[in-house]
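Notes follow the structure.
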Amino acid sequence: MTEPAPDQIVAEKYRLSRILGRGGMGSVWEGLHTTLGTRVAVKFIDKQYANSEEARTRFENEARAAARLTSKHVVRVYDHGVTDDGSPYIVMEFLEGEPLDQRLERLGRLPPTETATILAQVCRGLTNAHQAGIVHRDLKPENIFLVWDAEDQADVAKVVDFGIAKFEESSGVTSATRTGLVLGTPYYMSPEQARGFKNLDLRSDLWSIGVIAYRCIVGALPFNGEAMGDLLVKICVDPLPVPSKMAANVPVSFDDWFVRALAREPEDRFSSAAALSEALLAACGVTQPNGGFGVKHSGVSPAVTNPDASHLTPTPFQERDPRASTGAPFTQTKGHSLRPARLGKSALIAALFAGVFLTIGILALVTALGKGGAESGAPTSQASPVPEQTKANGTAGSLPHSDSTTGSQPKADVTEPAPSLGAKQAAPSGTVSKPKERANTARLGAKPASAPHKSASTKSPEELLGY
C-alpha cells in the first residue's frame, strides 16, 4: 500500500493533482475526472488505519450514507472503492469554501440571523438523513462546510462526515457502535450519547445543533471541563447557561429556544429538525426560507436583549472574507483538549470578601486617628474649607491645609467611601485628603485647648465616628 501522490490515477478515471488537507486518519486530495474534466475531492485512509476493521467500516458507512441522501445540504458522494494496492477511497463533490469552525475561529461569533440562516440549511440536510433512518452523531462546526454561491450571493451549508453515523437496522448497513462506547466530539454530545447509550435517535442530533447555535451566537461553548469526565458530568447535570446573560446583543427569545433544544430528556426537545429550525428562525428574527435556497432577514429585531448583559462589551460582528478553495475536510472524531472551566462565581465571592475587609480596615483606621487626636490635647479650631481633591497640576506629595495649630499632618490617608467592586478609582500618588475627619471633629463639638476634654479611653467608637 503506497501513499497517494500527484498524477496518480484512481479507479482508472480520477487523476490526483494536489493535497487539500490532512486529518488524524487520512487525507483529502483534489482530483480531475480524466474524461469529463470534473473536479472532485478524493479521500483516503492512512495506511496505518487501512487494516483496521473499525476504520474501514466507518469509511464505508460514510460513503453509503452520503450516497443515499439527495439533499443539496449533504456532501455528494460519486464513487468509492479500494485501489489496486488496497487503499480505500471515497470520491466526493469538490467544495469551495470553508468549514464553520474556521469561520468562527476567524470571526469569534456570528450574528443571530446568520447563525439561523446556516443552521436552517443544516437542518434540511438532517431532515433528509433522519427520514432515511440515519443519525449523524458527530455534528460540530468542523462537519458543516460553507460553500459560497456566487450566483445567489449566499452561503450554502453542507453536512459532511457520516463516518460514525447510526443506521436503522432495516437499512442493511451496520453501525460501528455498541452499548457503553462513547462516540462523537465531547463538547457537542447529548447526555444520552455521553452516557454511551446505544438507542440514540434523531433528537441527539438536535441537541448538537443547539450547542452549535450557542457557540455561534455567544462565542463560547455552554459546557467546559478540565478533563473528559468533568465535561461529560456537566453536560448531564449542570444548569444551562442563559445565552443573553453571557454575551451582548443576544436576543432574549434565543434563551427560550436554547432551553428546549438542550432539554436533558429527549422527549422534551423539539420533535424534528424542521421544528427546531422553524423555531430558531423565529427566535432570531429571520423569515422563512426563500425558494429553498438560503433565507432573507426580516429587518426586524427578534427581541430585546437582556438588561443583565448591559455590562458586557458588545463584540462587533465582522463581514465574511473571501475564502480559498478547499475540498471536503477529513475530520477525526476524538477527544479534544479541554479548556478550564470559568470561575466567575468564585472570583465574585473573593471580591465581596475583599470589600468587607477593606471597609473594616477603614473604620478601624478612622477610630485610631480619632483616639490619637483626643490624647494629644492639641487645640482644635473650626475646620477651614478644603478642596475635595488635589488639583491635577499640584506637586506630588503636597498636603491639604492642616486643621491643627501645630501644623502636624496625619500619617495615613483616609478616603471614603470605599470603591465599588469592579470599578477602579484613580488617585494622584502621594496625596492625602481628610474631609471626613474634619467633619467628624466638627460634629463631635471639639473644644478649645484650654477647655478640659474627655480621655480617649472614655469615648465609644460611635462617638468618634459622629453617630
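Among 84-94, 29-39, how do they line up by average Cβ neighbours within 10 Å per residue, starting with the highest? Write down the numbers at each step before the final one.
Working: 84-94: 18.5, 29-39: 15.4.
Final packing ranking: 84-94, 29-39.
Where Rh denotes the Kirkwood radius from the mean inverse Cα pair distance, what is Rg over Rh for segment 203-262? List each step's numbers first, then the result.
Values: Rg = 11.4 Å, Rh = 11.9 Å.
Checking Rg against Rh, the ratio lands at 0.96.
Quick one: which residues, 5 or more positions from VAL250 or on another chain, have an amide H under 5 Å from its amide H? H modelled 1.01 Å from N in the peptide plane, none for Pro or chain starts.
When sequence neighbours closer than 5 places are left aside, the close amide H contacts are ASN306.
So if I take the alpha carbon set of segment 1-61, get Rg, then get Rh from the Kirkwood formula, what is the Rg over Rh ratio?
Numbers: Rg = 12.1 Å, Rh = 12.2 Å.
Ratio of gyration radius to Kirkwood radius: 0.99.
How much length would be gained if the chain were fully extended between GLU278 and LEU32, taking 0.36 nm per residue of separation minus their Cα-Cα distance, in nm to one decimal? The partial results should precede the final answer.
Values: separation 246, 0.36 × 246 = 88.56 nm, distance 3.92 nm.
Using 0.36 nm per residue and subtracting the Cα-Cα distance, I get 84.6 nm.
Ranked highest first by the average count of other Cβ atoms within 10 Å around their residues, in what order do 193-202, 147-156, 118-127 fall?
Numbers: 193-202: 16.4, 147-156: 13.6, 118-127: 24.2.
The most tightly packed comes first, giving 118-127, 193-202, 147-156.
Could you list, in their original order, any pairs among LYS166/LYS234; LYS72/LYS234; LYS198/LYS234; LYS72/LYS245; LYS43/LYS234; LYS47/LYS158 whose Cα atoms are separated by more than 30 Å? Let's see the in-between values first.
Values: LYS166/LYS234 25 Å; LYS72/LYS234 36 Å; LYS198/LYS234 21 Å; LYS72/LYS245 36 Å; LYS43/LYS234 36 Å; LYS47/LYS158 28 Å.
The pairs that break the limit, which is 30 Å between Cα atoms, are LYS72/LYS234; LYS72/LYS245; LYS43/LYS234.
Give me D for segment 78-155 in µm² s⁻¹, whole number, from Stokes-Einstein with Rh from the Kirkwood sum over alpha-carbon pairs, 37 °C and 0.692 mPa s. Write down the numbers at each step before the final one.
On the way: Rh = 14.9 Å.
D, rounded to a whole number, is 220 µm²/s.
On the Cα set of segment 1-150, report Rg and Dmax in Å, please.
My reading of the Cα-based Rg and Dmax gives 16.3, 49 Å.
Ranked highest first by the average count of other Cβ atoms within 10 Å around their residues, in what order do 11-17, 111-117 fall?
On the way: 11-17: 15.7, 111-117: 22.3.
The most tightly packed comes first, giving 111-117, 11-17.
Computed from the coordinates by the stated procedures, all read-outs in this text should not be read as laboratory data. Since the structure is predicted, the reported quantities are computational estimates derived from the model, not experimental observations. Cβ coordinates were reconstructed from backbone atoms using ideal geometry, including for glycine residues, and neighbour counts include every protein chain displayed.
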